[in-house]
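Below is one structure; the comments refer to it alone.
Quick note: the coordinates plus some simple rules give every number you see, no bench work behind them. The structure presented is a predicted model; accordingly, all values stated were derived computationally and were not measured. No Cβ is skipped: glycine too gets one built from the backbone with ideal geometry, and neighbour counts run over all protein chains shown.
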Amino acid sequence: MRSWTPEQVAQAAGAHLAAPAPAPAGAPGPARATIDSRAIAPGDLFVGLPGETHDGGRFAAQALAAGAWGALVAPQHAEEAATGTPSGVLLAADDPLAALQSLARSWRRELGAQTIAITGSTGKTSTKDILAALLEPHRRTFVSRGNFNTEIGLPLELLAAPAGTEALVLEMGMRGAGQIAELAQIAEPDVGVIVNVGPAHLELLGSIEAIAAAKAELIADLHSDATAVMPAGEPLLDPHRRDDIATVTFGPGGDVTLVRQDPDGAVEIDAQGERIALQLDFRQAHLRGNLLAAVAAARAIGVRPAGAVTVAFSGRRGERTRLSNGVTVIDDCYNANPMSMRAALDDLAATAGEGRRVAVLGDMLELGPEEARFHAEIGAHAATLGVDLLVAVGPRSREIADAFGDAGEVVLALDAPAAAKLVPGLVEPGDTVLVKASRGVGLERVAEALAAAAEATA
């Protein structure tokens, strides 16, 4: 937005220009938007949003004093900030969040970048990371960060995309019906990717069919020249297919399939009759489906991936670290649901060295009335894979322990702090330790405790 005048910013946001910039005509517009007045950098646009405990609009004057280019707030807060001598632009909007979203949509149109939106019950962040690695050698690519995938986070990321961006890769999260549709209307994607459909957020949506419908809002909001990318053979998405857009499927029996994979990371992919050879820097089996989805999305915007692929995966999503005491930690505790938990256990079984397979598994949240069954299935799966030591963390995870039975050693921990105290004393050199639970459990404490224990003995 650096090239936009205050008047253009106001028009794009659907806001009223309450106070023009004191800077000379021709001064640059805002570089990005932020909702945190404490994190203001010179040139930022501060957007004051009302919250549960306070209204961010009250901090407009503070943000301007800290060097903000301007502030976008409710009219009463703009009026308050204007009583002094504002050092930046004041924009007033009855609904600052809607104004932020409108501004982001306008900037996306100004960029004209080909935009790919990714959603799914699990693996959407890893798919985004892989897609970024495929696109960056060919296009000036901007990728949304971490969990900036909500009605607030996504427009902030769009507004951070610099002029000249050619490809936008955006993650879309979901907590209920209508939310993916809201995000799609902001981002106006050219390609919509649904990585998978699984039992995440069942507590909120009630059924797997409702989850599929919520994810498929992305398909419903694609324009007529867009492309939908979805897993092959997924009947839950069949009712949501559209005849007026291109659809590309991935996985066994789909349009984009894995033909060959070598132990050294070399893979060959058949993409609608085109053979693509890649050299990967990751080996996890569950990431290969994400790779196929990413290849399909890249081809949909005219990029033909080839050669070496080096992926910078987001933190705590299967990060593998070999500690100085000989323990290998797989830090996958960013989030968990039955699909991702099974995949992580499969990876533990496939990649563990000569030491023990240790699984530190915490509660999976928001699974609804059948949560006990889902947890029990994970315990039974861990037993079939030969897990040697299971540490079950939290009240729901006791179902995991019960189903695991006497397949190996079992330790129960009340919560993450208790597990962080226990686990370092349980592991041995050569062990491979998987740490995974829903985000709300806070199981990163275990991974951090393992690293601290190794450093203390180094």
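One table, with the values for the structure above:
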| item | result |
| --- | --- |
| Within the chain, helix-based [θ] at 222 nm, where runs of 4 or more DSSP H residues each add -39,500 (n - 2.57), nearest 500 | -9500 deg cm²/dmol |
| Net charge dipole size for region 1-131 [Lys, Arg +1 and Asp, Glu -1 on Cβ; Debye, nearest 20] | 520 debye |
| Spacing of the two label points (7 Å from each Cα toward its C-beta) at Glu428 and Ile208, in nm | 3.9 nm |
| Two-decimal Rg/Rh across region 112-309, once Rg and the Kirkwood Rh are taken from alpha-carbon atoms | 0.94 |
| Region 215-265 - Rg and Dmax from Cα coordinates, angstrom | 13.4, 41 |
| 21 Å Cα-Cα reach of Lys436 towards lysines, excluding residues that sit fewer than 8 places from it in its own chain | Lys124, Lys128, Lys421 |
| Selected from Leu278, Ala449, Ala104, residue furthest toward positive end of dipole (the chain; charges at beta carbon) | Leu278 |
| Most positive-pole-ward Cα, Ala226, Ala65, Phe250, against dipole of the chain from beta carbon charges | Ala65 |
